[in-house]
Amino acid sequence: MTTPIDRRSVLAAGLAASAAAALGRRSDAAPAATSASTRPPLDGPVAIASGNGLKTVELAVERMRAGTDPADAIVEGVGLVEADPNDMSVGYGGLPNADGVVQLDSSVMHGPTHRAGAVACIEGIMHPAQVALAVLKQTDHVMLVGEGATRFARELGFPVQDLLTDRARQAWLRWRASLNPNDDYLDPDQQIHSDGEKEIPYTTGTIHCSAVDASGRLAGCTTTSGLSYKIPGRVGDSPIVGAGMYTDGQIGSAGATGRGEAVIQVCGAFSAVREMENGATPTEACLSVLKRIADRTTRPHLLDENGRPNFDVVMYAVRKDGAYGSASMFGNREFAVCDARGARLERTAGLFER
Ligand code: ASP
């Protein structure tokens, strides 16, 4: 499913790379880095991902070292998580919407050509990131949604299958039974054949991966099953270019996980890349987006007793020179990174102290 980016793109990439080299030098003059994650110019590919993406970044870097285009490399990398039935926030095994249907969102962006592809509310396709990449490579559009996205994938030969695992179905049934004590579904602990499991998981998951190869070619990808038990048709930030993912081939790439509604409302990933363009380190750029979210969150049900957001958002960013960073509302969450020092988990910076 992953055909290499075409020759026109490669030529464009060369042009973009020259322009970027100039910009890269400018960003070297940025304020002194405060992040421990800021590193000297590229000594090989760098990939960064959410905490569930350790294997993703490892595979993406391995592929980029072998010469694979960064967009292809990261889409293959996130595919490991999309196919994992135990990750209930992405792809196969993801928690379904309120109707018990797994609806997936994904977007991909290729820095050298500034092309983007996305799918939203796609059903029955295990690898929505591959479909988003196909939209990028094979169409003149950026985003396909719902039935059209599924049909597009089917026509390309993607297998259509039921993505609802038994574990996710049982979680959804418990959620539905617990909704209303007066409806005719008995609460889980009243049911005769209850398996005794009472927990109703709500995932904050998703995988975002941003990467830059040794020659400074950037790409970003986000893929998710979205918020658990969401209203059917709800689209989160992940497939929205500029919200849950954005890549500028001359500057850097960024993405988000967590409460998508908040990320959409501040154009999160786009804002992070713009911050880097204006001289922020990746970590500073992530923190700045989180601050914008916090400052603009006013609805009481979204605030804690201290007036801070009661939800989390994690931002990830990679700069063209390989500097990277991540931040979350309250810090100390894990994110994955792979570079010349190998694949590892690091801790996010925090906007607030707990
Ligand atoms: N950002 C995703 C969404 O809003 C969910 C998540 O990352 O937990 O769909």
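No value in this document is a laboratory result; all are computed from the given coordinates. These figures come from a predicted structure and were not determined experimentally. Glycine gets a Cβ as well: all are built from the backbone with ideal geometry, and neighbour counts include every protein chain shown.
Annotations
- Neighbour net charge for Trp172 - beta-carbon separation under 11 angstrom, K R +1, D E -1: +2
- Rg(Cα)/(2.2 N^0.38 Å) for segment 62-133, N = residue count: 1.18
- Candidate aspartates and glutamates - alpha carbon under 18 Å from Lys137, same-chain residues fewer than 8 apart omitted: Asp6, Asp69, Asp72, Glu76, Asp105, Glu155, Asp248
- Estimated vicinal HN-Hα couplings, Hz - segment 60-66 in sequence order (Karplus 6.51, -1.76, 1.60; Gly, Pro = x): 4, 5, 4, 5, 5, 4, 7
- Extended-chain gain in nm, criterion 0.36 nm per residue less alpha-carbon gap, His141 and Arg234: 31.4 nm
- Full extension of the chain segment joining Ala83 with Leu179 gains 31.6 nm, where the gain is 0.36 nm per residue of separation less the Cα-Cα distance.
- Once the Cα gyration tensor of segment 250-354 is diagonalised, semi-axes √(5λ) in Å: 24, 16, 10
- Taking 0.36 nm per residue of separation and subtracting the current Cα-Cα distance, fully stretching the chain between Glu353 and Val101 would add 87.0 nm.
- Charge tally for Glu123 (other residues, Cβ to Cβ under 12 Å; Lys, Arg +1; Asp, Glu -1): -2.
- Centre separation in Å (Cα based) which lies between segment 315-345 and segment 223-242: 23
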